[in-house]
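Heads up, the thing below is written out as structure tokens.
The values are calculated or read from the model by the stated rules, or taken from the named source; none is laboratory data. Since we're looking at a predicted model, the values are computed, not measured. Cβ coordinates were reconstructed from backbone atoms using ideal geometry, including for glycine residues, and neighbour counts include every protein chain displayed. Just the protein is used for accessible areas: all its heavy atoms, side chains included, with ligands, DNA and RNA removed. Shrake-Rupley method; radii C 1.70, N 1.55, O 1.52, S 1.80 Å.
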Amino acid sequence: MRMIESQRAEQDPLALLRLCQLVSPALPVGAYNFSQGLEYAVHAGWVHDEATTQSWVLGIARHTVATLDLPLLIRMHDAWSRDIENQARYWSAYLLASRETEELRAEERHLGRSLAKVLVSLGMSDAGAWCRHEQASYACLFALAAARWLVSAEQAGQGYLWAWCENQVLAALKLLPLGQSAGQRMLNELLPCIPSLVTAATRLADEEISMASPSHGMASAWHETQYTRLFRS
């Protein structure tokens, strides 16, 4: 089924453009409001320059996004492709339960519901019930859009990870005196890692889905009581 769906996506001339639309910073979901603990990491001095920023982003990408978000995204994409909504709902709830802090759970729900509203405005009726759904997650609605727009699971995973990396780099540029050129250098270094991380995610069995970035969780938890903040998380 996945192979057939992937072939259909490759034959659809709009699939790549739809993916570009889905990962665009112009998508009105409010992702720019969140740093996912990066703001506290800067406050604590863990992240303080281009090298430490890149290390922080790549570390979380490898040990959380690629081992938790992406394998679940792939499963939700498969569920939506086969119109098994209860399975998509199960994995969405699993993802929310795996978020270590209230901030990260609130961010996931906010982005998921916001994306659901955008998709409804674009004529995707399947998203309507998710606009206020307690178990709505960004990855679940991203997977829904990708499946309906015939974007393959692999392409969706690459787009999702790219968008996450870009948002982290943009947050770093607001928090540190790095400059736009530094941001592009970091993204240029991160870009070649994305295909292999997505490929590895496709091979994970259910029992292998996990995360191993404790500093990420601690930074998010401590950010909740940080005295001054630019970001909501």
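If the condition is being touching a residue at least 24 places away in the same chain (Cβ under 8 Å), among the aliphatic types (A, V, I, L, M) and either more than 17 Å from residue 217 (Cβ to Cβ) or open to solvent by 80 Å² or more (accessible area, probe 1.4 Å) (or both), then the range 90-105 contributes only 93. Here residue 130 meets each of (1) free of Cβ contacts under 8 Å to residues at least 24 places away in the same chain; (2) more than 20 Å from residue 104 (Cβ to Cβ) with one exception, condition (2). Of all positions in the range 187-209, none carries a residue that is within 25 Å of residue 41 (Cα to Cα), touching a helix residue (DSSP H, G or I) at 6+ places or on another chain (Cβ under 7 Å), surrounded by fewer than 13 Cβ atoms within 10 Å (Cβ to Cβ) and not aliphatic (A, V, I, L, M). Selection within the range 57-80: residues that are open to solvent by less than 30 Å² (accessible area, probe 1.4 Å) and not hydrophobic (A, V, I, L, M, F, W, C). The member of this set that is farthest from the chain's Cα centre (by Cα) is 78. Is there a residue being in contact (Cβ under 8 Å) with a residue 40 or more places away in the chain, closer than 21 Å to residue 172 by Cα and not in a helix (DSSP H, G or I) anywhere in the range 48-62? Yes, the range 48-62 contains at least one residue that is in contact (Cβ under 8 Å) with a residue 40 or more places away in the chain, closer than 21 Å to residue 172 by Cα and not in a helix (DSSP H, G or I). Candidates are the residues of the range 17-36 that are assigned to a helix (DSSP H, G or I) and surrounded by fewer than 14 Cβ atoms within 10 Å (Cβ to Cβ); the one that is modelled with the lowest pLDDT is 32. So is residue 226 part of a loop (DSSP other than H, G, I, E, B) and more than 18 Å from the chain's Cα centre (by Cα) or not? When the stated conditions are applied, residue 226 passes them.
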